[in-house]
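Here is the structure we will look at, set down as structure tokens.
No value in this document is a laboratory result; all are computed from the given coordinates. Quick caveat: nothing in here was measured; it's all calculated off a predicted structure. Here Cβ is always computed from backbone atoms with ideal geometry, including for glycine, and neighbour counts include all displayed protein chains.
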Amino acid sequence: MKKMIKFFITAIAMFLMLSGCGERGPVGPEGPRGPQGPPGPEVIPTSFEFEADLLQSNGFEYFHDIPSGIEVFDSDVVLAYVLEDYLPDPDLEVWRQLPLTEFNSSGTVLINFDYTVVDVRIFMDANYNLGSADEYSGLLIRAVHVPAGFMSNQKVMELNEAKSYAELEKILDGNIRKINKIER
């Protein structure tokens with residue numbers, strides 16, 4: 001008898017579970033729209049320019065503070081370019097991404113950069129002792145701050161492959177805000 005009761009309870013439970021699996025009913029009307037939230041932060045890349053002197057007197061390094069209007073987080077990226085040439089006829093600037101490697105009769109010189117959340121450092125390194133003949137004065141540097149919220153992983157890989165400022169603008173769809181532009 002206990003087996004019969006157990007069987008009937010199990011059968012009724014199975015019947016109830018299977019009978020509840022019918023077609024889904026129609027979707028109800030959409031509810032009212034909520035209030036507009038506050039605007040999010042503007043997350044577009046920002047560029048700024050500065051002149052750097054890489055001289056024997058400053059140890060062939062130059063520090064430039066990141067402008068106060070730019071907040072850099074640990075997850076962000078900063079890229080640096082040096083003005084390599086200016087073509088006045090079509091009014092074109094030619095920017096080259098750092099690091100820059102040059103070969104001379106003494107050996108190999110590297111112009112490179114690093115950054116923190118507060119500054120950008122431009123520096124020279126060589127496989128020989130740098131001297132006054134290796135000095136650079138008035139290098140025009142363009143630094144580009146790219147917020148992490150702006151990028152997907154694919155964009156990060158593309159940014160690392162960009163070799164010129166024009167390529168960077170293309171990857172970022174021209175969305176680079178320029179501040180602190182130096183007039184030539």
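For residue 103 and residue 63, the FRET efficiency from 1/(1 + (r/R0)^6), where r spans their Cβ atoms and R0 equals 22 Å, is about 0.25.
Among 82-93, 24-35, sorting by the average number of other beta carbon atoms lying within 10 angstrom of each residue, highest first, gives 82-93, 24-35.
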